[in-house]
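Peer 1: The structure that follows is given in the form of structure tokens.
Bear in mind these aren't lab numbers, they're just calculated from the coordinates by the rules spelled out. Not measured: the values here are computed from a predicted model. Cβ coordinates were reconstructed from backbone atoms using ideal geometry, including for glycine residues, and neighbour counts include every protein chain displayed.
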Amino acid sequence: MFYGMPRKNFDKLQRVQNRGARIVCGVGQQQQSARQLRHNLHWLPVRARTDFKLATLSYKSQMMGQPDYLAAELPSYQQQLCLRSSSQELLTVPHCKTMLGRRHFSVAAPRVWNNLPLGLKTNCDSLRGFKTGLKTYLFHQDYN
């Protein structure tokens with residue numbers, strides 16, 4: 001997984017994706033910006049794509065219970081008191097001191113999942129609907 005990777009490595013991968021967008025569109029560097037080309041192709045930037053993958057895996061493990069080994073890594077958040085946030089469909093984020101530990105699936109996936117809007121987490125009946133809503137959410141977040 002690329003989650004938590006240093007920015008310079010994300011920048012390298014983003015340049016590769018930008019080059020791919022130019023090749024697919026048959027456009028040179030001076031003609032149009034890579035950001036506009038990715039927008040026209042409906043491609044998420046590399047960093048948003050990693051969030052997309054983590055959120056999709058979280059959805060599969062939460063709603064479908066598969067794969068079993070990942071579902072066991074994502075316990076639901078249990079609050080001591082009855083608060084408004086108890087209906088937020090949150091996951092428990094384990095405490096972690098190291099950067100390498102923050103990149104572990106059991107830490108990274110709940111962070112991404114908890115940052116998603118509640119409507120996206122609860123109103124999707126299928127994996128396809130969740131992916132569509134998630135991509136739309138991430139797309140608007142990055143391009144607006």
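Peer 1: Can we say Val24 is under 22 Å from Lys131 (Cβ atoms), part of a helix (DSSP H, G or I) and over 17 Å from the mean Cα position of the chain (by Cα)?
Peer 2: Judged against the criteria, Val24 is a match.
Peer 1: Inspect the range 100-115 for any residue being among the small types (Gly, Ala, Ser) and within 18 Å of Tyr143 (Cβ to Cβ) and give the result as yes or no.
Peer 2: no
Peer 1: Taking the range 51-74, which residues are β-branched (Val, Ile, Thr) and farther than 11 Å from Ala109 by Cβ?
Peer 2: Residues of the range 51-74 β-branched (Val, Ile, Thr): 56.
None - no residue of the range 51-74 is β-branched (Val, Ile, Thr) and farther than 11 Å from Ala109 by Cβ, so the list stays empty.
Peer 1: Out of the residues in the range 2-56 that are at positive phi and small (Gly, Ala, Ser), state the one that is surrounded by the fewest Cβ atoms within 10 Å (Cβ to Cβ).
Peer 2: By that ranking, first place goes to Gly26.
Peer 1: Further question on the same structure: Take residues that are more than 18 Å from Gly65 (Cβ to Cβ), free of Cβ contacts under 8 Å to residues at least 12 places away in the same chain and among the aliphatic types (A, V, I, L, M) and tell me which of the helices (runs of 4 or more DSSP H) falling wholly in the range 88-144 contain 1 or more.
Peer 2: Where helices (runs of 4 or more DSSP H) fall fully within the range 88-144 and carry at least 1 residues being more than 18 Å from Gly65 (Cβ to Cβ), free of Cβ contacts under 8 Å to residues at least 12 places away in the same chain and among the aliphatic types (A, V, I, L, M), they are 99-102.
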